[in-house]
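The values are calculated or read from the model by the stated rules, or taken from the named source; none is laboratory data. Quantities reported herein were computed from a predicted structural model and do not represent experimental measurements. Every residue, glycine as well, gets a Cβ built from its backbone with ideal geometry; the counts of neighbours run over all protein chains shown.
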Amino acid sequence: MHIRIHVRFSPKLLVRTLVLATVLSSGAAHFALSSPGGEMLNQARSIDLLSLAVWHEARGESAEGKRLVASAILERVRDERWPDTVEGVLAQSSQFFGLDFSRKPEDGAADWAECMDAAWQALTTRPSVAANHFHAVGVHPSWHDPTKVVKRVGGHVFLRL
(Lines give C-alpha, C1' and ligand atoms only; values in the text may rest on other atoms or scores of the structure.)
Protein backbone atom coordinates (compact mmCIF):
# COMPACT_ATOMS: atom_id res chain seq x y z
CA MET A 1 0.00 0.00 0.00
CA HIS A 2 1.36 3.42 -0.99
CA ILE A 3 0.16 6.72 0.33
CA ARG A 4 0.91 9.93 -1.49
CA ILE A 5 1.12 13.16 0.36
CA HIS A 6 1.25 16.40 -1.55
CA VAL A 7 2.87 19.28 0.27
CA ARG A 8 3.43 22.75 -1.14
CA PHE A 9 6.67 24.29 0.03
CA SER A 10 7.18 28.02 -0.03
CA PRO A 11 10.80 28.99 -0.72
CA LYS A 12 11.22 29.96 2.95
CA LEU A 13 9.76 26.68 4.22
CA LEU A 14 11.90 24.71 1.78
CA VAL A 15 15.10 26.44 2.93
CA ARG A 16 14.18 25.97 6.60
CA THR A 17 13.42 22.30 6.02
CA LEU A 18 16.68 21.71 4.16
CA VAL A 19 18.72 23.57 6.79
CA LEU A 20 17.14 21.65 9.65
CA ALA A 21 17.54 18.30 7.87
CA THR A 22 21.19 19.04 7.16
CA VAL A 23 21.90 20.16 10.73
CA LEU A 24 20.25 17.07 12.19
CA SER A 25 21.91 14.64 9.79
CA SER A 26 25.38 16.19 9.98
CA GLY A 27 25.81 15.82 13.70
CA ALA A 28 26.45 19.57 13.86
CA ALA A 29 23.27 20.03 15.87
CA HIS A 30 24.98 18.90 19.07
CA PHE A 31 28.02 21.10 18.51
CA ALA A 32 26.10 24.19 17.52
CA LEU A 33 22.85 23.95 19.40
CA SER A 34 23.78 22.68 22.81
CA SER A 35 24.79 25.00 25.58
CA PRO A 36 27.73 24.27 27.88
CA GLY A 37 25.18 22.63 30.21
CA GLY A 38 24.39 20.14 27.46
CA GLU A 39 20.73 21.05 26.93
CA MET A 40 19.62 20.69 23.34
CA LEU A 41 17.82 23.67 21.93
CA ASN A 42 14.74 23.58 19.78
CA GLN A 43 16.63 23.44 16.48
CA ALA A 44 13.97 24.67 14.09
CA ARG A 45 12.99 27.62 16.27
CA SER A 46 16.63 28.45 16.98
CA ILE A 47 17.52 28.51 13.29
CA ASP A 48 14.48 30.64 12.50
CA LEU A 49 15.15 33.12 15.33
CA LEU A 50 18.86 33.32 14.55
CA SER A 51 18.11 33.98 10.87
CA LEU A 52 15.56 36.63 11.81
CA ALA A 53 18.04 38.33 14.16
CA VAL A 54 20.64 38.41 11.37
CA TRP A 55 18.02 39.86 9.01
CA HIS A 56 17.19 42.65 11.44
CA GLU A 57 20.75 43.38 12.55
CA ALA A 58 22.86 42.82 9.42
CA ARG A 59 20.62 42.90 6.36
CA GLY A 60 22.65 44.51 3.57
CA GLU A 61 26.01 43.58 5.13
CA SER A 62 28.52 41.20 3.55
CA ALA A 63 28.24 37.44 4.06
CA GLU A 64 31.09 37.65 6.58
CA GLY A 65 29.35 40.43 8.50
CA LYS A 66 26.12 38.42 8.65
CA ARG A 67 27.98 35.30 9.84
CA LEU A 68 29.76 37.24 12.57
CA VAL A 69 26.47 38.67 13.85
CA ALA A 70 25.02 35.15 14.04
CA SER A 71 28.22 33.84 15.63
CA ALA A 72 28.17 36.58 18.30
CA ILE A 73 24.66 35.51 19.29
CA LEU A 74 25.75 31.86 19.47
CA GLU A 75 28.84 32.79 21.51
CA ARG A 76 26.45 34.20 24.10
CA VAL A 77 24.39 31.00 24.07
CA ARG A 78 27.58 29.05 24.86
CA ASP A 79 28.67 31.48 27.62
CA GLU A 80 27.27 30.96 31.13
CA ARG A 81 26.81 34.73 31.58
CA TRP A 82 23.84 34.67 29.20
CA PRO A 83 20.78 32.46 28.73
CA ASP A 84 21.54 29.08 27.14
CA THR A 85 19.10 29.41 24.24
CA VAL A 86 19.00 31.60 21.14
CA GLU A 87 15.55 32.78 22.17
CA GLY A 88 16.75 33.62 25.68
CA VAL A 89 19.71 35.63 24.41
CA LEU A 90 17.57 37.54 21.90
CA ALA A 91 14.85 38.27 24.46
CA GLN A 92 17.19 40.14 26.80
CA SER A 93 16.32 43.79 27.21
CA SER A 94 18.27 46.40 25.20
CA GLN A 95 20.61 43.85 23.60
CA PHE A 96 19.67 43.85 19.92
CA PHE A 97 18.73 47.23 18.47
CA GLY A 98 17.06 46.14 15.25
CA LEU A 99 15.18 43.13 16.55
CA ASP A 100 11.47 43.47 15.92
CA PHE A 101 9.73 40.12 15.54
CA SER A 102 6.63 41.82 14.13
CA ARG A 103 8.66 42.72 11.01
CA LYS A 104 9.50 39.63 9.01
CA PRO A 105 11.04 39.16 5.56
CA GLU A 106 8.94 38.13 2.60
CA ASP A 107 9.17 34.56 1.32
CA GLY A 108 11.78 34.27 -1.39
CA ALA A 109 13.53 37.55 -0.58
CA ALA A 110 17.20 37.29 -1.54
CA ASP A 111 18.38 39.02 1.62
CA TRP A 112 16.37 36.57 3.74
CA ALA A 113 18.05 33.61 2.03
CA GLU A 114 21.45 35.20 2.70
CA CYS A 115 20.57 35.66 6.38
CA MET A 116 19.44 32.04 6.67
CA ASP A 117 22.69 30.94 5.05
CA ALA A 118 24.67 33.07 7.53
CA ALA A 119 22.80 31.46 10.44
CA TRP A 120 23.52 28.00 9.02
CA GLN A 121 27.22 28.83 8.59
CA ALA A 122 27.42 30.12 12.16
CA LEU A 123 25.74 26.97 13.46
CA THR A 124 28.04 24.58 11.64
CA THR A 125 31.45 26.28 11.82
CA ARG A 126 33.38 28.19 14.44
CA PRO A 127 34.11 31.79 13.46
CA SER A 128 37.68 33.01 12.99
CA VAL A 129 37.02 35.47 15.83
CA ALA A 130 34.92 34.73 18.90
CA ALA A 131 33.01 37.99 19.33
CA ASN A 132 30.11 38.13 21.77
CA HIS A 133 29.23 41.79 21.24
CA PHE A 134 28.85 43.99 18.19
CA HIS A 135 27.65 47.47 17.42
CA ALA A 136 27.28 49.72 14.41
CA VAL A 137 30.26 51.79 13.32
CA GLY A 138 29.80 55.35 14.55
CA VAL A 139 27.84 54.29 17.63
CA HIS A 140 29.63 54.51 20.98
CA PRO A 141 27.88 52.32 23.57
CA SER A 142 28.99 52.63 27.19
CA TRP A 143 30.30 49.06 27.17
CA HIS A 144 32.64 49.59 24.19
CA ASP A 145 36.26 48.83 25.09
CA PRO A 146 38.71 49.53 22.23
CA THR A 147 41.11 46.92 23.59
CA LYS A 148 38.44 44.22 23.15
CA VAL A 149 37.74 44.84 19.44
CA VAL A 150 38.41 41.63 17.50
CA LYS A 151 37.23 42.67 14.04
CA ARG A 152 35.60 45.39 11.98
CA VAL A 153 33.47 44.25 9.05
CA GLY A 154 31.27 46.54 6.99
CA GLY A 155 29.08 48.62 9.25
CA HIS A 156 29.81 46.66 12.44
CA VAL A 157 32.50 46.48 15.11
CA PHE A 158 32.85 43.08 16.83
CA LEU A 159 34.17 42.70 20.37
CA ARG A 160 34.97 39.93 22.86
CA LEU A 161 33.96 41.12 26.34
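Key figures
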quantity	calculated
Leu161 vs. criteria farther than 19 Å from Gly60 by Cα, in contact with a helix residue (DSSP H, G or I) (Cβ under 7 Å, 6 or more places away or on another chain), without any contact (Cβ under 8 Å) to a residue 60 or more places away in the chain and surrounded by fewer than 16 Cβ atoms within 10 Å (Cβ to Cβ)	yes
Tally, over region 78-88, of residues that are surrounded by fewer than 24 Cβ atoms within 10 Å (Cβ to Cβ) and part of a helix (DSSP H, G or I)	3
Sole residue being on the phi < 0 side of the Ramachandran plot, among the polar types (S, T, N, Q) and at pLDDT 90 or above, chosen from Ser93, Ser128, Ser102, Ser142	Ser142
Complete set of residues in region 106-135 that are outside any loop (DSSP other than H, G, I, E, B), free of Cβ contacts under 8 Å to residues at least 40 places away in the same chain and surrounded by 15 or more Cβ atoms within 10 Å (Cβ to Cβ)	His135
Top-ranked residue of region 136-158 - restricted to ones that are among the β-branched types (Val, Ile, Thr) and out of contact with any His (no Cβ under 8 Å at 6 or more places or on another chain), ranked as surrounded by the fewest Cβ atoms within 10 Å (Cβ to Cβ)	Thr147
Check on Phe96, outside any helix (DSSP H, G or I), closer than 19 Å to Gly155 by Cβ and not acidic (Asp, Glu)	yes
Pairs where the first residue, in region 55-70, is in contact (Cβ under 8 Å) with a residue 12 or more places away in the chain and the second is surrounded by fewer than 24 Cβ atoms within 10 Å (Cβ to Cβ) and among the β-branched types (Val, Ile, Thr), C-beta under 8 Å, 6+ apart	Glu61/Val153; Ser62/Val153; Glu64/Val153; Gly65/Val153; Leu68/Val129; Leu68/Val153
Where Glu75 falls short, out of the listed (1) acidic (Asp, Glu); (2) crowded, with 17+ Cβ neighbours inside 10 Å; (3) not in a helix (DSSP H, G or I)	(3)
